[in-house]
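The values are calculated or read from the model by the stated rules, or taken from the named source; none is laboratory data. Keep in mind the model is a prediction, meaning the values are calculated, not measured. No Cβ is skipped: glycine too gets one built from the backbone with ideal geometry, and neighbour counts run over all protein chains shown. Surface areas here come from the heavy atoms of the whole protein model, side chains and all, with no ligands, DNA or RNA. Shrake-Rupley method; radii C 1.70, N 1.55, O 1.52, S 1.80 Å.
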Amino acid sequence: MSSTARGVRARARIEVTAAIKDEARRQLAEEGAAKLSLRAVARELGMASSALYRYFPSRDDLLTALIIDAYNAIGAAAESAHDAASGSDPARRWTLVCEAVRAWALAHPHEYALIYGSPVPGYTAPQDTVPPAARVGQVFFGITRDAHRSTGLALPELPAGLRPEAERMTADLAPDLPSEAVTALVAAWAELFGLIGFEVFGQFNRVVEDRETFFRHAADRLARGVGLTPPRQGGSEGTAPARRV
């Protein structure tokens, strides 16, 4: 087979794969991940089921592809926001990244639900999903790492009972950061996606009206929770409530 023919076949495969995933996302929006069916996708695309199986051998393979795409998309949104704010202080970068993650989630609620909503019955995510899932977290770890190396982090000491677990997490996730920072980052990660989930899934209805302002305030609070403080605007700093690490 000539290189031209191989190129045509490769492009055709990319186009068909994209069409399959687009149709699957449409079905996610209408039916939810638990009802995703390869046969239904094939029927909507006018394909034989046997032809679709050459692209995705099982429903779980298609789900995995959609999950990886979603993690990569939200990760890219976080990374782009961080790069665009590269000249800002760490606390400001943190908040801008949080806002970018929220914006992506609101624009893609069904894909957000796929990766941060209820588990899909009978599906177990493979190891392939782990690196894409870590992209958002790596941005936040990078911001915190920058602050630690420059001005330090304002964090309280860990309770004695928490230190063994904190040190274990630190060894696994970021050995170059203090355990106080890693513990705070893990908590902030959970709180951030909890905030976004409440908005995406409607729990803020009749509770929070000005959600953008509310979210920005919450993101600023999370930044302080991991020890990031905005630059001083002059005057006395007063008594610090936490030590620098």
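Here are some notes:
- GLU191 being touching a residue at least 60 places away in the same chain (Cβ under 8 Å) and of a type outside the set (A, V, I, L, M): no
- Counting only residues that are farther than 14 Å from VAL101 by Cα and either aliphatic (A, V, I, L, M) or open to solvent by less than 50 Å² (accessible area, probe 1.4 Å) (or both), the stretch 207-221 holds 2 of them.
- Exactly one residue among ASP61, ASP83 is within 16 Å of TYR123 (Cβ to Cβ) and open to solvent by 50 Å² or more (accessible area, probe 1.4 Å), and that residue is ASP61.
- Qualifying position, being surrounded by fewer than 17 Cβ atoms within 10 Å (Cβ to Cβ), at pLDDT 95 or above and either under 15 Å from GLY117 (Cα atoms) or hydroxyl-bearing (Ser, Thr, Tyr) (or both), among PHE198, PHE204, PHE193: PHE198
- Tally of residues being surrounded by 17 or more Cβ atoms within 10 Å (Cβ to Cβ), more than 15 Å from the chain's Cα centre (by Cα) and over 14 Å from ARG224 (Cα atoms) across the stretch 126-144: 0
- Close contacts from the stretch 61-81, counting a first residue that is farther than 18 Å from ALA107 by Cβ and a second that is small (Gly, Ala, Ser), with Cβ to Cβ under 8 Å and a gap of 6+ residues or different chains, come to LEU62/ALA24; LEU63/ALA33; THR64/ALA125.
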